[in-house]
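Report on one structure; see the data block that follows.
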Amino acid sequence: MPHHFHGQSVEIQSLSAENLARRLGVNELSLSTERENKSPSEFESWSRHRDPGSRGWRFGEDGLYYPVK
């Protein structure tokens, strides 16, 4: 049975560094540099400003990035 979404984009679960970098308009090196040089809350704020959907991101222990609700 097909799923129907009413005006809502599919919820993003997680993104790889490559895909998040593309989403934020930076390269992977810049993404990792920002993450390493900022606290998690600073990185979340930085990513929120760059994200087309104004979504903040956090780095998970599994090496993927997760959107902050």
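Only the coordinates and a few stated rules stand behind these numbers; no lab work does. Owing to the predicted nature of the structure, the values given are computational and were not obtained by experimental measurement. Every residue, glycine as well, gets a Cβ built from its backbone with ideal geometry; the counts of neighbours run over all protein chains shown.
Miscellaneous remarks
- Only a single item in (1) more than 16 Å from I12 (Cα to Cα); (2) in contact (Cβ under 8 Å) with a residue 12 or more places away in the chain; (3) not β-branched (V, I, T) is not met by P67, and it is number (1).
- The set of residues in the stretch 15-26 being of a type outside the set (S, T, Y), in contact (Cβ under 8 Å) with a residue 40 or more places away in the chain and outside any helix (DSSP H, G or I) consists of L15 alone.
- Matching residues in the stretch 28-64 - criterion: being surrounded by 13 or more Cβ atoms within 10 Å (Cβ to Cβ), closer than 15 Å to I12 by Cα and either without any contact (Cβ under 8 Å) to a residue 24 or more places away in the chain or basic (K, R) (or both): R48, R55, G56, R58
- Search result, residues across the stretch 27-57 that are in a loop (DSSP other than H, G, I, E, B) and either touching a Leu at 6+ places or on another chain (Cβ under 9 Å) or polar (S, T, N, Q) (or both): N27, S39, D51, P52, S54
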